[in-house]
Amino acid sequence: MSLRRILLWLLLAFPAGMMVRGLASGAELAMDLLHPSGEMSVRLMLLALLPGPLAAYFGTNALLRGWLSIRRNLGVAAFGYALLHMVIYLIDMGVAAAVLDELTLPAIWTGWLALVLMLPPALISFDRAMRALGRRWAQVQWLVYPALLISLLHWLLLDWAWPPALLHLTPLLIAWSLRSVRRAHHQRKLA
């Protein structure tokens, strides 16, 4: 692993380390870390999804090539924060019966569903799996899109505050729109 990759992972892991440290020391309560851990997962998913449509619209430059080269890392880190979010939730709930009681609530099962959808892409986010799966690898990675949307639904159902969730989604909506404009323009040129 290159020094750049090690530094990237240290940077990605730092907020998680601070959360775990705060929880272990008693300086933070589990319930206080639920929102930051979930929000970090959503932010990293967005960062992993943004460079593709931006590169499709603007073309690849040094910034986008660098960003594209780390997006799998960002996606795996998003899954790591989702796992941390789940562990913090389990600690906060304390007993399995309480977790099971809440499982039927839409605000809760949407979080579990998003985590389940993130699992396959995270498990195959390494070069050997990419080569072995060929084109199917990209199909599995597409599960991140519904995982993101369900994560945002989870957030909305818990907080009932749509502006922060929409604010997080806006850059991706803009990037998708730009890519769609570019594709439509390209299709018109071919016709």
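Quick look at the numbers
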item	result
Count of the range 1-57 residues which are farther than 23 Å from Ala165 by Cβ and part of a helix (DSSP H, G or I)	22
Unmet criterion (only one of (1) under 16 Å from the mean Cα position of the chain (by Cα); (2) closer than 18 Å to Leu50 by Cβ; (3) among the β-branched types (Val, Ile, Thr)) for Ile174	(1)
Options Ala147, Ala175; residue that is in contact with a Phe, Trp or Tyr (Cβ under 8 Å, 6 or more places away or on another chain), surrounded by 11 or more Cβ atoms within 10 Å (Cβ to Cβ) and small (Gly, Ala, Ser)	Ala175
Wholly within the range 63-146, helices (runs of 4 or more DSSP H) carrying at least 2 residues that are in contact with a Gly (Cβ under 7 Å, 6 or more places away or on another chain), modelled with pLDDT of 90 or more and over 22 Å from Leu172 (Cα atoms)	none
Residue pairs meeting the criteria (Cβ under 8 Å; at least 6 apart or on separate chains; first within 16 Å of Gly94 (Cβ to Cβ), in the range 27-50; second assigned to a helix (DSSP H, G or I) and of a type in the set (Phe, Trp, Tyr))	Ala30/Tyr89; Leu34/Tyr89
Residue within the range 111-127 that is free of Cβ contacts under 8 Å to residues at least 24 places away in the same chain, in contact with an Asp or Glu (Cβ under 8 Å, 6 or more places away or on another chain) and either exposed (fewer than 14 other Cβ atoms within 10 Å of the Cβ) or not β-branched (Val, Ile, Thr) (or both) present	no
Hits in the range 128-176 - residues which are more than 12 Å from Thr110 (Cβ to Cβ) and of a type in the set (Ser, Thr, Tyr)	Tyr145, Thr170
Single residue of the range 38-54 satisfying the filter (among the small types (Gly, Ala, Ser) and closer than 13 Å to Pro171 by Cα) that is surrounded by the fewest Cβ atoms within 10 Å (Cβ to Cβ)	Gly52
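The values are calculated or read from the model by the stated rules, or taken from the named source; none is laboratory data. Everything numeric in this text was worked out from a predicted model, so none of it was measured. Cβ sites come from the backbone with ideal geometry, for glycine too, and all protein chains shown count toward neighbours.
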